[in-house]
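Here the structure comes first, spelled out in structure tokens, and everything after it is commentary.
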Amino acid sequence: MFDKTRYYLTALLFLFLMPAMSSFAQFSSAVEKYISVQADTFALIHAKITDGTGGPSKPDQTLVVVKGIITLIGNSANTSTPVHAKVIDCTGKTIIPGMIMMHEHLFYAEAAGDYYLGQEMPISFPQLYLAGGVTTMRTAGSIEPQTDLNLKEWIKRGEFAGPDMDVTGPYIERAGFPVPEMLHIHSPEEAAGIVHYWAGFGCTSFKVYRDITLDDLVAVIQAAHQRGFKVTGHLCSVTYKEAAEAGIDNLEHGFMECSDFDTSRKANICTDNLNRSLLALDVNSKAVERLMQLLIDKKVTLTSTLTVFEPFTGREAIPGGGAEALMPQIREEVEKGYRNALNRDSNATRLFKKELAWEKKFVMMGGALMAGTDPTDDGRVIPGYADRHILELLMEAGFSFPESVKICSLNAAVFLGIAKQTGTVAVGKKADLVLIDGDPETHISTVRNTEIVFKNGVGFDSKKMFDSLHGTVGRY
């Protein structure tokens, strides 16, 4: 039977605590065309729920949402829906939390001779992320932070479709990697200055890059922590051990950018021997385990970016799909690069398999792992499509589907300090949800069947968004 007392008390509680949710945001016509569900009260019935905690999925559940907040979850046989609710039958479908992805970008990267360019994609990328089930994202390094900050505000106001954003400041880097869009610092003082300057404009996290010095890193950490913000890093010149002892919060790319085992390395210098040093390690290396334990002891969270390291041979040209999202001439170049790399990536395959094992071991030892897609490198990683695919790759690493979902939701919510509001499917939290047509726990490929993405209780038509963005990546 429908528990009216519990239902109405819960609804009244959230009406009191969250007056801002008393009415839906006003959406522009550009956003409204993608909305398929916008009701004051709605119920998703007969759904399987994988709630993001890592615990077992629950079959045949009913979930009630009132004014964007989850107010009731229960077994469908014992849970009636409010008489005035819009009811959506989810038989044969699965609900997971909205994904919180921690290494995303709003630019598309491509090689240009000896240089590496990042072209901002302010129109296509935010919408692709949302279509793929991402309801919150961290930019994890910005080429145009001013653009990212504007997009964050427009999305918040309902003028544009996309995830909520934690905007990372511009890459903090010294001269080295040939990316013309990166401003190069010359001292720790300049590094700290970037933190203070961009924090003043609204950036809420910061990322150091491959060629910084340890003193630069210390200055960035001190400046960011002084303001209550966290620091992540894609490192090379500084080791994971040095960064952990300096107080860094997060390290990107799992262990794929770990220079700790490069015996040719000199202090504060990034060499090209990093991959060879990792390939030389045994997958069960005790030295790697000791490093893992240090990171765990220092409470350093790792971000998995398996999509950007996925080999070519025996795998999709565009991992997770999404070739149709590319401009035709860019698609042609990406697919040509893929064909040229086939059967020439044995080392990449070996290292990728090690990374799968190392990420699983890190979590088994008690480490905190988040995930992101990093749509850079050779152009094969497409936002939205790749975000769904990373769940497939985490299962390839040996994680269960519930564990994989947790890595892509709750773990990130805890890191960002928003776990009380989102990150799991639970009463009292925002209705940030992904409705999948199928059961990914039985057939993981069905994770690509995103049907409706709910953000703050508003449902967006995933397929309609994806279809509208064909041919846009590389253009805008």
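Brief remarks follow.
- Scanning the stretch 116-156 for residues that are of a type outside the set (A, V, I, L, M, F, W, C), more than 25 Å from SER409 (Cβ to Cβ) and either open to solvent by 20 Å² or more (accessible area, probe 1.4 Å) or without any contact (Cβ under 8 Å) to a residue 40 or more places away in the chain (or both) returns TYR116, GLN119, GLU120, PRO122, GLU144, GLN146, THR147, ASN150.
- Among the residues making up the stretch 239-255, those that are open to solvent by less than 10 Å² (accessible area, probe 1.4 Å) and out of contact with any Cys (no Cβ under 9 Å at 6 or more places or on another chain) are ALA243, ALA244, ILE248, ASN250, GLU252, HIS253, GLY254, PHE255.
Residues are listed down the side, and each one gets a yes or a no for (1) farther than 18 Å from GLY162 by Cα; (2) charged (D, E, K, R); (3) surrounded by 24 or more Cβ atoms within 10 Å (Cβ to Cβ):
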residue	(1), (2), (3)
GLY379	yes, no, no
ASP387	no, yes, yes
GLU392	yes, yes, no
PRO402	yes, no, no
ILE407	yes, no, yes
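- Looking only at residues of the stretch 49-72 that are at negative phi and surrounded by fewer than 19 Cβ atoms within 10 Å (Cβ to Cβ), we find that the one that is nearest to the chain's Cα centre (by Cα) is THR53.
- Flag: THR313 matches the condition of being within 26 Å of the chain's Cα centre (by Cα), among the polar types (S, T, N, Q) and within 25 Å of LEU391 (Cβ to Cβ).
- Residue within the stretch 341-363 that is more than 22 Å from LEU279 (Cβ to Cβ), in a helix (DSSP H, G or I) and either at pLDDT below 95 or of a type in the set (A, V, I, L, M) (or both) present: yes
- Sole residue being of a type in the set (Gly, Ala, Ser), exposed (fewer than 14 other Cβ atoms within 10 Å of the Cβ) and over 17 Å from LYS354 (Cβ atoms), chosen from ALA287, ALA267: ALA267
- Residues that are without any contact (Cβ under 8 Å) to a residue 40 or more places away in the chain and open to solvent by 60 Å² or more (accessible area, probe 1.4 Å) do occur in the stretch 270-278.
- Number of positions in the stretch 157-204 that are crowded, with 21+ Cβ neighbours inside 10 Å, in a loop (DSSP other than H, G, I, E, B) and small (Gly, Ala, Ser): 3
- Filter result (more than 16 Å from ALA431 (Cα to Cα) and at pLDDT below 95) within the stretch 20-59: GLN26
- Consider the stretch 205-217 and keep the residues that are assigned to a loop (DSSP other than H, G, I, E, B) and open to solvent by 10 Å² or more (accessible area, probe 1.4 Å). The one that is farthest from THR147 (Cα to Cα) is THR213.
- Residue match in the stretch 320-329 (condition: within 30 Å of VAL231 (Cα to Cα), surrounded by fewer than 20 Cβ atoms within 10 Å (Cβ to Cβ) and not hydroxyl-bearing (Ser, Thr, Tyr)): no
The values are calculated or read from the model by the stated rules, or taken from the named source; none is laboratory data. Here the structure is a predicted model, which is why all the values come from computation and not from measurement. As a convention, Cβ positions derive from the backbone with ideal geometry for all residues, glycine included, and neighbour counts pool all protein chains shown. Just the protein is used for accessible areas: all its heavy atoms, side chains included, with ligands, DNA and RNA removed. Shrake-Rupley method; radii C 1.70, N 1.55, O 1.52, S 1.80 Å.
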